[in-house]
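See below for the structure under consideration.
Derivation of every value follows stated rules applied to the coordinates shown; laboratory data play no part. Keep in mind it's a predicted model, so treat the numbers as computed, not measured. Note: ideal-geometry Cβ built from the backbone for every residue, glycine included; neighbour counts use all protein chains shown.
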Amino acid sequence: MLSAFARAFQTPDLRKKLLFTLGIMVLFRLGSHIPVPGVDFQAVNACVKETKNSGLFGLVNLFSGGALLQLTIFALGIMPYITASIILQLLTVVIPRLEALKKEGQAGTAKITQYTRYLTIALAVLQGTGIVATASSGALFSGCVYANQIVPDTSVFRIAVMVLTMTAGTTFIMWLGELITDRGIGNGMSLLIFTSIAAQFPSSMWAIKQSGTIGDGWVEFLSVVAVGIIVVMLVIFVEQAQRRIPVQYAKRMIGRRAFGGTSTYIPLKVNQAGVIPVIFASSLLYIPALVVQLTNSQASWAVWIRTNFVKGDHPIYMATYFLLIVFFAFFYVAISFNPEEVADNMKKYGGFIPGIRAGRPTAEYLNYVLTRITWPGSLYLGLIALIPMIALVAFGQQTNFPFGGTSVLIVVGVGLETVKQIESQLQQRNYEGFLR
């Protein structure tokens, strides 16, 4: 990986793209430290130091690089765009118009991207309003004595300015991500998420060292480093694992020329769903606790939720989280990969799986293989996602454990994909061919 970056910096055009990408990432991190107008920054810092826990907003705070709890202009981060992309992807299966656009190629994809932008802005306004209202009521930092002083002025004009600022910040982030995709290296949105998560690693590691009690905290620190290396190796191994289904194309005579007769394969990844099931499960588990926190109800059901669904180290919470991840893994694979469509396309172009008849038997075989490899993939996602909760029991801190399931999956996945793109571009530039 390091050799690929070194060779990329030796190539002039790739060096410009890498420097441009790094510049955008630095600009993104700078914006994550500029507070929203109307926020008492000293009160925010006092509450962050006092609570030391992101609570219900951990997922959004993770994707914003810690900017959410600091109430900066990039407080919402890229989360509205992620939510909008997931919603559009789910609606593509339900709405025929979106499905037709998806099949139109580049023009249809551009139209869906435009819809995603509009939905991102709408979700940013909605989420920004919720965050500002939560901060104004003091519920953003429950248990902090300065929680009610975070937003001194609660007038309509001031609240509107704060919401518009957060929405503009999300729109700006979305534009930065598209700039990286067009002029830089890799997928812009993924790299910005990578930047947000990686920026919290040093502080999280140092917090574990400071909170440790054995050997002045160095034993806990080195234990976390060792566990992190093992987890990263496991994630890389599973993310690269795939089942290759061989496909043979029959020869066709068009005039005097023969076409086809080639062999290829369909790569089915063990973790076909990626990190989406973890995001779905985390978001769904936040809803009951968020409702209880906003309503401040003292009913029996609210007490039960506070006892079982707020702390991540509770067995009921961990079991529910694991089962939801397994369920959403199968659900997302079912809507993102259509065996019947793949079988029809193979039959249309004269392709077949050796030993399997074309058409419906091919679709049934693909569905059978996909179901079998999704089981280990979903169990792997569930076990990786439970690592922060196990760390909460072992070290007493959940948010300070840097090698959590979501963070490691995103960091490793984006890193592998970016390195592959750099190597492919290097191969294109260094390939001389048969003629010189």
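With both labels modelled 7 Å from their Cα along Cα-to-Cβ, the R360 to K49 distance reads 7.0 nm. Near L101, once Lys and Arg are set to +1 and Asp and Glu to -1 for all other residues with Cβ below 15 Å from its Cβ, the sum equals +3.
Extension gain, I230 to K347: 0.36 nm times the residue separation minus the Cα-Cα distance gives 37.8 nm. With K and R counted +1 and D and E -1, the other residues having a Cβ less than 9 Å from that of I373 yield a net charge of +3. Helices assigned as whole DSSP H runs in the chain whose Cα atoms extend at least 20 Å along their own long axis and whose mean Kyte-Doolittle hydropathy is -1.0 or higher are found at 12-31, 79-94, 106-137, 156-183, 218-240, 276-295, 315-336, 360-385, 405-430. Sorting 344-351, 102-109 by their mean Cβ neighbour count within 10 Å, with the most densely packed peptide first, gives 344-351, 102-109.
Near the amide H of I245, within less than 5 Å, lie the amide hydrogens of I266, L268, all on another chain or at least 5 residues away, with H placed in the peptide plane. Each Lys or Arg adds one and each Asp or Glu takes one away; over the other residues whose Cβ falls under 14 Å from the Cβ of I24, this sums to +2.
Binning the alpha carbon pair distances of segment 69-192 at 5 angstrom intervals from zero yields the distribution 2, 11, 17, 18, 16, 13, 10, 7, 5, 2, 1, 0, expressed in whole percent. For segment 265-296, the residues whose amide N sits under 20 Å from a probe point set 7 Å from the Cα of R244 along the beta carbon direction are 265-272. Normalised Debye scattering of segment 96-147 at q = 0.26, 0.31 Å⁻¹ gives log10 I(q)/I(0) of -0.90, -1.02, counting only Cα atoms as equal scatterers and leaving out solvent. Using alpha carbons only, the radius of gyration of segment 168-238 set against its Kirkwood radius gives Rg/Rh = 1.17. Only helices enter this figure: runs of n ≥ 4 DSSP H residues, each worth -39500 (n - 2.57), summed and divided by the residues of the chain, yield -23000 deg cm²/dmol at 222 nm to the nearest 500.
Straight-line reach from K102: taking Cα to Cα under 27 Å and skipping same-chain neighbours fewer than 8 places apart, the lysines in range are K111, K269, K347, K348, K420. Expressed as a whole percent, the proportion of Cα-Cα pairs in the chain lying more than 27 Å apart is 61%.
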